1. Quick check on my link table: of 126/272; 199/362; 49/202; 202/387; 362/419, which ones sit more than 23 Å apart, alpha carbon to alpha carbon?
2. Quote to one decimal, in nm, the extra length available between residue 280 and residue 425 on full extension: 0.36 nm per residue of separation minus the C-alpha distance between them.
3. Could you calculate the FRET efficiency of residue 373 with residue 238 from 1/(1 + (r/R0)^6), where r is the beta carbon distance between them and R0 is 51 Å, rounded to 0.05?
4. Based on the mean of other beta carbon atoms within 10 Å per residue, what is the order of 310-322, 355-367, most packed first?
5. Run the numbers on the chain and let me know its relative contact order in percent, using alpha-carbon pairs under 8 Å that are six or more apart.
6. Hey, how many Å between the Cα centroid of segment 290-339 and the Cα centroid of segment 212-281?
7. From the P(r) of the chain, could you give the percentage of C-alpha pairs in the tail past 34 Å?
8. Rank by packing, highest mean first: peptides 3-12, 158-167, with packing defined as the count of other Cβ atoms within 10 Å averaged across residues.
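Nothing in this text is a laboratory measurement; each read-out follows from the coordinates by a stated rule. Not measured: the values here are computed from a predicted model. So basically every Cβ, Gly included, is an ideal-geometry build from the backbone, and we count neighbours across all protein chains shown.
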Amino acid sequence: MLDYDLFVIGAGSGGVRAARMAAAAGAKVAVAEERYLGGTCVNVGCVPKKLFVYASHFAEEFEAAAGYGWDVSSSRMDWATLRDNKTAEIERLNGIYKSLLDDAGVDIIEGRATVVDSHTVEVGGKQWRCERLLLAMGGWPDVPSFPGSEFVIDSNHVFFLNELPRNPVVVGGGYIAVEFAGIFNGLGSNTTLVYRGSKILKRFDQDLGGHVADEMRNKGIHLRLESEVASITKLADNDFALQLKSGEIISCDCVMYATGRRPLLLEAGVDKLGLELDNKGKILVNDSFETSVPGVHALGDLIDTPELTPVAIAEAMVFVDRVYRDSDRTLDYNDIPTAVFCQPNIGTVGLTEQDARAQYGKIDIYKSHFRPLKNTLSGNPERTFMKLVVDQASDRVVGVHMVGPEAGEIIQGMGVALKAGATKADFDETIGIHPTSAEEFVTMRQKAVND
Ligand code: NDP
């Protein structure tokens, strides 16, 4: 006897979408969740982070306002108001997620689900049998162990701090570290970023990390590159001495680690299933997101695809189409646009210069650095950077990269252009919108590098 056609473990972005769509396709579906509806993205990721990013931009906006004739000299940041307003908004979103699942006829089962076998799940001492199991538990911050690591916080804690840190240290050089270094700095904290490599954001086009690092320094963030943490000693409450391997000691009141995330597998007892994993510990799946165990599927941060909400959602839709709607479509992982909400923002789609060179050999590069119009009266020295990567043989634009205000908003449209196979000639024939920063993408004529 089966209780459900589909049992989903994890009500995050991927799990909720799969549950709703499978139910709409006629399946009887349950989703188990032990923490919060909406998963990392809604609760301790993209959404609250973006709200904090908005908050952190105001300091520069107030300064900019003076150049435009405004007197805003009495501005003051109240962390508790930001934190609590953010939490209220997230609770509203949790309610929306619950309604979406209820309206779709999906049963929500609260509690930690553990896998008994490939067709049986246990939550709170009760067992359910299902035809198919979808693993969508997502990931968890992965903090290394070292002397004093018990004092660090991660991206799960940072949204609920009692006070805004005065002098935080953020460790890591990826998405979360640079975003939170910018948030803390923008909110007024004296912020240090410690990164073990020589260039932050190394998975992106190399010009982007360099430009962002310069801007971070200009804004007052202390960058410690090629630096590793040796230990953290607690001196008093909210008073730590962080020692680097070089011997340098940084005093700080908060250390935030953003050193990657690990898939949440053991917590759900998934090891019992004997699923095949890759060398990163992620679950191997086929085009239907089916694991090596028939009837058990996995998607989102549990598999080795980009750890991004829209990717998990797209995977959920393909899973449902293939399993419940008789479709054979597959997910195209090329040209996934992404943004880093550092300051200024990064927006990027397609290949880096390095990857395009490896893939196509001969490529043309177009670059533009400029001070956006808004920054003339404001006096803000922040500069924008834009870059096009073009395959010489086909003239197709294969990479579009930007560091500047609203880069994420601008690059979304560029993602459509790349998917449609736009050439540099198409970009050149497009008429710009003046005066904007985005128009620069259709007015770049001078090749920066030609080989
Ligand atoms: P990332 O993988 O982006 O970056 C991890 C960073 O930590 C890297 O710079 C890495 O260094 C460094 N690191 C790893 N291990 C150690 C260690 N033991 N000691 C010191 N440094 C270490 O992970 P994040 O945690 O920043 O984010 C996780 C994922 O979440 C991202 O990959 C992204 O997909 C997603 N995300 C997306 C966002 C968005 O869309 N805007 C925002 C936030 C997160 P090295 O480079 O040398 O390996």
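1. The pairs that break the limit, which is 23 Å between Cα atoms, are 199/362.
2. Here the segment from residue 280 to residue 425 would lengthen by 48.1 nm.
3. Step by step, r from the Cβ atoms, then E = 0.75.
4. Descending mean neighbour count gives 310-322, 355-367.
5. 15 percent
6. That distance is 29 Å.
7. Taking all Cα-Cα pairs of the chain, the fraction more than 34 Å apart is 41 percent.
8. 3-12, 158-167
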